[in-house]
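The values are calculated or read from the model by the stated rules, or taken from the named source; none is laboratory data. In this text the structure is predicted, and so the values were computed from the model without any measurement. Positions of Cβ are backbone-derived with ideal geometry, glycine not excepted, and every protein chain shown enters the neighbour counts. All accessible areas refer to the heavy atoms of the entire protein, side chains included, with ligands and DNA or RNA removed. Shrake-Rupley method; radii C 1.70, N 1.55, O 1.52, S 1.80 Å.
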Amino acid sequence: MSKKIFELLQNIPAITTAHGEGKKQVFLNNGDTITALTQFAYGVFEPGEKCSMHTHPTMDECFFFFKGTGTYTIDGSVYALQPNAFLRIPAGTPHELEANGSSTL
C-alpha cells in the first residue's frame, strides 16, 4: 500500500479515462488504501467529448465541476452541469456524461 500523503495536481500524470475520452489525474486508487475506495481523481473533458451510457456495479461515483458546462444523464434524468455543481451516482445506476459547452469541463 502506498503511503502518499501530499501531491500537487501538476505532478500527477494525466491518463485517458477507461471510457476512451477525457483525461484524468488519479490522486488515489484502491491500491493506496485499505478501505473500499476505488479511486479519487481530477478529470478533464474537452468540448464535444462524451462518456457513453454505462454502469459501475459496485462503485458510487461523485463529481464536483470546477469549470465548463455539459450534461450528465443519470437513470433517465438530465442534469445541467456548471461550475460548482456536485453530483453523486449510486452504484448500478446508468449514466452518461457530455461536455457540450465551448470550454473544458
Next item on the list: Please work out which residue is least open to solvent (accessible area, probe 1.4 Å), limiting yourself to region 29-55 and to residues that are among the hydrophobic types (A, V, I, L, M, F, W, C) and more than 16 Å from Gly70 (Cβ to Cβ).
Entry: Ala41
Item checked: Hits in region 52-70 (condition: touching a residue at least 40 places away in the same chain (Cβ under 8 Å) and assigned to a loop (DSSP other than H, G, I, E, B)) -> Thr55
Check: Where residues in region 78-94 are outside any loop (DSSP other than H, G, I, E, B) and touching an Asp or Glu at 6+ places or on another chain (Cβ under 7 Å), which of them is nearest to Thr58 (Cα to Cα)?
Finding: Ile89
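Can you give me the number of residues within region 65-92 that are more than 19 Å from Gly48 (Cα to Cα) and loosely packed, with under 14 Cβ neighbours inside 10 Å? Full working, then the answer.
As a first pass, look at region 65-92 and keep what is more than 19 Å from Gly48 (Cα to Cα): 75-77, 84-92.
Checking which are loosely packed, with under 14 Cβ neighbours inside 10 Å leaves us with 75-77, 84, 86, 88, 90-92.
The total comes to 9.
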Next item on the list: Could you please find all residues in region 16-28 being of a type outside the set (Phe, Trp, Tyr) and open to solvent by less than 80 Å² (accessible area, probe 1.4 Å)?
Entry: Thr16, Thr17, Gly20, Glu21, Gly22, Lys24, Gln25, Val26, Leu28
Checklist line | Flag for Leu8 being in contact with a Leu (Cβ under 8 Å, 6 or more places away or on another chain), modelled with pLDDT under 90, farther than 21 Å from His95 by Cα and not small (Gly, Ala, Ser) | finding: no
